[in-house]
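Chemist: Structure incoming, see below.
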Amino acid sequence: MERLRAARRLLHYSSSKSLFGPRSNPTSAEHPLRRSASGVWYWCPYIADQKGRFGGTFWGPTVGTGLGKTIRIQNRRFGSLAATIQRNPSFSTLNSDDISYFKGVLGEKNVIQDEDWLLSANTDWMRKYNGSSKLLLQPRSTEEVSRVLKYCNSRSLAVVPQGGNTGLVGGSVPVFDEVIINMGSMNNIVSFDEVSGILVCEAGCILENLISFLDNQGFIMPLDLGAKGSCQIGGNVSTNAGGLRLVRYGSLHGNVLGIEVVLANGDVLDMLGTLRKDNTGYDLKHLFIGSEGSLGIITKVSILTPPKLSSVNLAFLACKDYSSCLKLLLEAKRRLGEVLSAFEFLDNQSLDLVLNHLEGVRNPLPPSMHNFYVLIETTGSDESYDKEKLEAFLLRSMEGGLISDGVLAQDINQASSFWRIREGVPEALMKAGAIYKYDLSLPVEKMYNLVEEMRIRLGDSSKVIGYGHLGDGNLHLNISTPQYDDMILAQIEPFVYEWTSKHRGSISAEHGLGLMKANKIFYSKSRESVQLMASIKKLMDPNGILNPYKVLPHSLSYG
């Protein structure tokens, strides 16, 4: 009877409305807004801890005086198991002459010293990392970025490139008093070629705005993220963001055709090509894709965008166990082939969290809760053919016992509600309490074993949930607790990294290393590889001013 009910659900959808279009953008979290004295709205985060854990500060000796205020920022510790980070003594501190220079280059209104604004810019989205920067700059052109970096390099002033500040590993906020260079004012679309589908834009363009622009042109971005309403394309490229469409369109290493980047000394590297083929010498753009702003600041991007196809279908399915999810993935690759555009999974604890913490979200498959859920999206050009293909696949999978229940979205609103569940998990986690987040690449057949082992390891002290991009082997492992606890963290780390390394996985699938995992890189990369990375960093940024303390181990970043 249950299978019959599921079959009726799966067959009940309307062909009168296309499911494709810019999805409604559920915010990754409800950021509390306040108005500063200058009348600017800003996000006021809640600092997680005042005792040195997750962004707290251990004040050490005074290292300098800047702008009439004593700055004490010698030591800082992020995470109770992390070694104390020492401020690089070779970096200068900001003074009034620096402020005057920046105002001369950028104009007074683009040199931000407002404390309320800086509170937001100094704190990451998870409220886990918070710096002490006294200055935020908003360049409007590549030339201005070049002049700012040239000056900072000459003065040994450390800088942090910042886009939408939606990162999860502390990569986009200062550790100490680094100058923040926010790229949000560079938000112009430079060109779009309707024949080739090649988009050229500035780094500060918000991803959702690009999605909307391309939708009007009959194209789509090959990248789609839950944070699309805030994140910027320069930050996406700098972190090699993955997202929901990677299974269909691949990574940004394949879709980005060219970049313009400003080096630490202010030199502008023009690699803004729009050619699909260019086999002349080293393809240097790949050094900057995923380097998290540690080698240069990306100012423009050219990216290949696929045409928007008219037939899009989305199914929300239930599976009895993880093995069924894996078999369903294999069948989807074989039988849906060219139309498969997304394959996401979440466990029942993920769904339970979303249902309990997000308003307006409903269980698509009431009244039961199943062990696992899968979202399958197909995108094609022939509505009748695609419908028949998906219908045949789902009925075959149901008859084979791979699907316990399921429903097909009838219109774009229902499709958005399904995606809201998957994309809303991070927001629900934020509302539930403290979170330990891990973004891992693992062999798909082993992926959920880590979740199960972590549950046994932690017992009833925490809620362990697993979800992610099953189609490309990316697990988002999250441990939710009422509050941050050193004993719980000691149970999680280094176990989670050792387990990942043992199974030849990556400790960062798409979030980057940032500050959180800089010293953990050896779990995924050999010492020889890391040493070569450090040599490249030294060559391109000899003073180490670009996003210091991130990506590479601190022992190799400065002496």
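The values are calculated or read from the model by the stated rules, or taken from the named source; none is laboratory data. A quick note: this is a predicted structure, and the numbers were derived from the prediction, not measured. When we count neighbours, we look across all protein chains shown, and the Cβ atoms used for this are built from the backbone with ideal geometry, even at glycine. The area values use the complete protein model at the heavy-atom level, side chains included, leaving out ligands, DNA and RNA. Shrake-Rupley method; radii C 1.70, N 1.55, O 1.52, S 1.80 Å.
Chemist: What full-extension length gain, to one decimal in nm, is calculated for N449 and E143 as 0.36 nm per residue of separation minus the Cα-Cα distance?
Modeler: Once the chain is fully extended between N449 and E143, it gains 105.1 nm.
Chemist: Here is a further query. Just to verify a number: FRET efficiency for H503 and E338, C-beta to C-beta distance, R0 = 30 Å, to 0.05?
Modeler: Efficiency computed from Cβ-Cβ geometry: 0.45.
Chemist: Same structure, new question: Could you tell me the largest-minus-smallest coordinate of the C-alpha atoms of segment 311-503 on each of the three principal axes, in descending order and whole angstroms?
Modeler: Taking max minus min along each principal axis of the Cα atoms, segment 311-503 gives 56, 38, 26 Å.
Chemist: Next question, about the same structure. Compute the length gained on full extension between Y385 and E528: take 0.36 nm times their separation in residues and subtract their Cα-Cα distance, giving the result in nm to one decimal.
Modeler: 46.4 nm
Chemist: Could you state how much accessible area D472 has, in square angstrom rounded to the nearest 10, with a 1.4 Å probe and all protein chains kept in place?
Modeler: 60
Chemist: Here's a follow-up. To the nearest 20 debye, what charge dipole does segment 311-503 have about its Cα centre, counting +1 at the Cβ of each Lys and Arg and -1 at the Cβ of each Asp and Glu?
Modeler: Magnitude of the dipole: close to 240 debye.
Chemist: Please work out the FRET efficiency for the pair K320 and D215, using the Cβ-Cβ distance as r and a Förster radius of 41 Å; give the result to the nearest 0.05.
Modeler: 0.65
Chemist: Cα-based Rg of segment 420-559 per 2.2 N^0.38 Å, rounded to two decimals?
Modeler: Scaled against compact globular proteins, the figure is 1.14.
Chemist: Taking every pair of Cα atoms in segment 96-182, average 1/r, invert it to obtain the Kirkwood radius, and report Rg/Rh to two decimals.
Modeler: With Rg and the Kirkwood Rh in hand, the quotient comes to 0.95.
Chemist: Just to make sure I understand: if all protein chains stay in place, what is the order of Y523, Y549 by accessible area at 1.4 Å, largest first? Numbers along the way, then the final one.
Modeler: On the way: Y523 70, Y549 5 Å².
Result of the area sort, largest leading: Y523, Y549.
Chemist: What are the ³J(HN,Hα) couplings of segment 99-107, residue after residue, when phi is run through the Karplus curve with 6.51, -1.76, 1.60 and θ = phi - 60°? Round to Hz, x for glycine and proline.
Modeler: 4, 4, 4, 5, 5, x, 7, 9, x
Chemist: Net charge near Q162, counting Lys/Arg +1 and Asp/Glu -1 over other residues with Cβ under 13 Å of its Cβ?
Modeler: Details: positive: K550; negative: D124, E178, E292.
Value of the local net charge: -2.
Chemist: Let me ask something else about it. When averaged across all projection directions, what area in nm² does the alpha-carbon convex hull of segment 510-559 cover?
Modeler: Projected area, direction-averaged: 3.4 nm².
Chemist: Something else now. On full extension of the chain, what length is gained from R362 through E194, given 0.36 nm per residue of separation minus the C-alpha to C-alpha distance?
Modeler: 56.5 nm
Chemist: Rounded to whole Hz and in sequence order, give me ³J(HN,Hα) for segment 223-240 from the Karplus expression 6.51 cos²θ - 1.76 cosθ + 1.60, θ = phi - 60°, writing x for Gly and Pro.
Modeler: 10, 9, 10, x, 8, 4, x, 10, 5, 10, 5, x, x, 4, 5, 5, 9, 6
Chemist: With the convex hull built on the Cα atoms of segment 189-304, state its orientation-averaged projected area in nm².
Modeler: The Cα convex hull of segment 189-304, projected and averaged over all directions, gives 7.0 nm².
Chemist: Still on this model: Solvent-accessible area of H511, probe 1.4 Å, all protein chains present, reported in Å² to the nearest ten, please.
Modeler: Counting only protein heavy atoms, H511 exposes about 50 Å² to solvent.
Chemist: By accessible area of protein heavy atoms, probe 1.4 Å, what ranking do K538, K550 get, highest first?
Modeler: I get K538, K550, largest accessible area first.
Chemist: First compute the accessible area of segment 96-182 with a 1.4 Å probe, then give the percent of it belonging to carbon and sulfur atoms.
Modeler: Details: 1180 of 2780 Å².
Carbon plus sulfur share of accessible area: 43 percent.
Chemist: Sticking with this one: Could you compute the net charge surrounding G459? Neighbours are other residues with a C-beta less than 15 Å from the C-beta of G459; K and R count +1, D and E count -1.
Modeler: -1
Chemist: Something else about it: Whenever you get a sec, line up S141, S302, S555 from highest to lowest accessible area (probe 1.4 Å, protein heavy atoms).
Modeler: S555, S141, S302
Chemist: Over the heavy atoms of Y385, what accessible area does a 1.4 Å probe trace out, to the nearest 10 Å²?
Modeler: Y385 exposes around 110 Å² with every protein chain in place.
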